[in-house]
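Below is one structure; the comments refer to it alone.
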Amino acid sequence: MASSSTSRSPVLLPAFDKYYYYSQSVQSIEADVEFIQRIYGEIHPGARAHSLREDFCGTFALASAWVEDGGANRSYGLDLDPEPLAYGKEHFFAQLTPEQQSRLDIRQANVLTSELPRVDIACALNFSYFIFKQREQLKQYFAKNFAALNPGGLFFLDCFGGPKCGEANEEETEDDELGYSYYWDQESYDPLTNEGLFYIHFKRQGEKKRERVFTYNWRLWSLPELRDILAEVGFPTSYVYWEGNDEEGDGNGEFTRVEQGEECDAWVAYIVAVKGR
Ligand SMILES: C[S@@+](CC[C@H](N)C(=O)[O-])C[C@H]1O[C@@H](n2cnc3c(N)ncnc32)[C@H](O)[C@@H]1O
């Protein structure tokens, strides 16, 4: 017996939105805001940070959440690429009240060559500064950041590493609730330069895998290299925050300050560099 035409109709999925799936897969913006304020209060007991700059901001999700987090908060976002900036204007900026919008300043700019607004908190997250492959270039960026922080200001950088990053590999993370898979694909690694080529792919249930939606050509900087350069440009102190484990031994998203790391195949950590008062 023929089934009804309704039951044969394909489910119409909304148009694929790469920034939506990116943010669902790799960003935890509310947790970032909470983490930043917690660390600022730990380092300067009882104090709260008010101004934040999101370098390499893409869709400036963090800078947007920052102005929502308090009426005294102000933020800046800088990115070279007009495409994610336009997406952020439509999807994040538009959701803010006019008063919140007045405390957010987004600029299409190169963080290496343009003026960096002075702030309490500077962030270079999701490893974006790995794009700088020459030590002098990275040092120039860190020095600009040091100069553009208020006394007592903090510079947040995330970093990843571990032996797994020394070889090609691809990891799939399934999200059953949203009905898609996220793939983190390391295509190559060169031990001579510590450079790696990475891709993000996505696959929605019932659709073909969308390959190479995002591409990153990075140098994998190590924690001691980064802390040495931070010290050279004037940061007297930098702390490392290491991720805890869940019952299965995977990262649990909770980061605490450590004096010693832990051997593991792949790790993610934060460096927080502190400008003296
Ligand atoms: C990995 S995305 C990060 C997006 C977002 N900040 C996040 O946390 O997910 C890297 C971004 O850095 C931007 N970018 C690369 N080089 C830059 C530079 N020299 N100055 C400003 N932005 C840059 C790219 O356009 C891209 O949007």
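Overview of results
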item	result
Inter-label distance, nm, simple model (7 Å from Cα along the C-beta direction), Trp184/Ala231	2.8
Highest-fluctuation residue, Glu263, Glu174, Glu254 considered, GNM on the chain with Cα pairs under 10 Å	Glu263
Set Lys139/Lys275; Lys89/Lys208; Lys18/Lys209; Lys144/Lys275; Lys18/Lys89 screened for pairs whose C-alpha atoms are more than 23 Å apart	Lys89/Lys208
Full-extension gain in nm, Gln205 to Ala72, via 0.36 nm per residue minus C-alpha separation	43.6 nm
Order by protection proxy (mean Cβ within 10 Å, highest first), peptides 150-160, 133-143, 59-69	59-69, 150-160, 133-143
Alpha carbon centroid spacing (whole Å) that separates the range 109-137 from the range 207-277	16
Rounded to 10°, Cα long-axis angle of helix 82-91 versus longest principal axis of the chain	70
Of Asn217, Asn252, Asn145, the one that fluctuates the most in a GNM where the chain has Cα springs shorter than 10 Å	Asn252
Computed E for Gln101/Glu259 - FRET, C-beta separation, R0 51 angstrom, nearest 0.05	0.75
Centroid-to-centroid separation of the range 149-169 and the range 60-106 [C-alpha atoms, Å]	24
Compactness index (Cα Rg / 2.2 N^0.38 Å), the chain	1.08
Qualifying chymotrypsin sites (Phe, Trp or Tyr not before Pro) for the range 214-266 [loop in DSSP, other Cβ within 10 Å: at most 12]	none
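Only the coordinates and a few stated rules stand behind these numbers; no lab work does. What you see is a predicted model; the values in this text were computed from it and never measured. Glycine gets a Cβ as well: all are built from the backbone with ideal geometry, and neighbour counts include every protein chain shown.
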